[in-house]
1. For the stretch 63-83, which positions are touching a Gly at 6+ places or on another chain (Cβ under 8 Å) and either more than 27 Å from D153 (Cβ to Cβ) or surrounded by fewer than 17 Cβ atoms within 10 Å (Cβ to Cβ) (or both)?
2. Could you tell me which residue of the stretch 98-128 is least open to solvent (accessible area, probe 1.4 Å), considering only residues that are among the aromatic types (F, W, Y) and not in a strand (DSSP E or B)?
3. If you go through the stretch 90-97 one residue at a time, do you hit one that is open to solvent by 10 Å² or more (accessible area, probe 1.4 Å) and closer than 19 Å to D152 by Cα?
Amino acid sequence: MMQEYKSQNPTAAERDQFAIRAMRGVDIGLGAADAGAVQAAKLEQQYRDHLILIQAGGFLHGFDRTAHVLATLKSYKLQLVGTTDQPHIRVGFPIKNFQKRLWPMVQEFGMPYVVALGARGEDQKIYVSEQNAGTSNLMASVSADIVHQVIDDLRTRGQLSQAAAKQILANPDSSGFKLKSHAQALDDALLADIIKMPRDLRTTYGENLRACMGRIMRAIYAFGEAANKPIVLTSISADIDLLKHYLTQAAGLSQLKFAFEHRVGLAVELGRLTGGIMRSMKAKA
């Protein structure tokens, strides 16, 4: 077993009780207060840099900082919930084999978690992973200001940064230009980051970033005249996924300091654009 707990150990039935699947997109649902957000905030005071997940019926919900991290790393669906005066961002997924999804995340990113199972009250069980919170700075990098910015963005525009992807679906002829401009922005940002890296990281980690980004750029420049565009897009998509993997490694490199969250956001957006074009082409086929 990859994980133990500070509270009582879950039974085999509990481990098998609950498949976590990614849900993409954004829902806006302001209106009613969310009791789960209140409990999550209280648990976060005690377990500051843990992922906090609260059961609500047949789902697990993560709020605010937890929601932002899971949406960034795993593309989970973000919802805007709560009241107008007390809004929250939230992710949710079915409680089925949840530990099988959380264990790899803890191992890959060094992220500890707290899971509250059952109805709130005396019968609720709270499990806390033994993973050392100091091994990851992903949660620590998400400030309250960042959460408020996301909430404001959702409230004013009703979505995350998906406008470009929707424009591509509405006007596929502009897809090459949009892909190129987003890729160039990410390439320029990463080049500036790599130049500032310590020499040992620049020649190892930085070289991985440059090689991966170089393949993405070459494929995007070839996309417009490619005879088989789906194959080119598949190659781009695979390299974007690899790039996101490299970017998540940055959190564990103590000497590496750059705008990690911004770069991940650019990579995620580039992936969304690529996926939007692929879906558009499949729809036309």
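1. T83
2. Among those that are among the aromatic types (F, W, Y) and not in a strand (DSSP E or B), it is F98.
3. Yes, the stretch 90-97 contains at least one residue that is open to solvent by 10 Å² or more (accessible area, probe 1.4 Å) and closer than 19 Å to D152 by Cα.
The values are calculated or read from the model by the stated rules, or taken from the named source; none is laboratory data. Fair warning: this is a prediction, and the values are worked out from it, not measured in the lab. Using ideal geometry, Cβ is built from the backbone for each residue, glycine included, and neighbour counts are taken over all protein chains shown. Note: areas computed on protein heavy atoms with side chains; ligands, DNA, RNA excluded. Shrake-Rupley method; radii C 1.70, N 1.55, O 1.52, S 1.80 Å.
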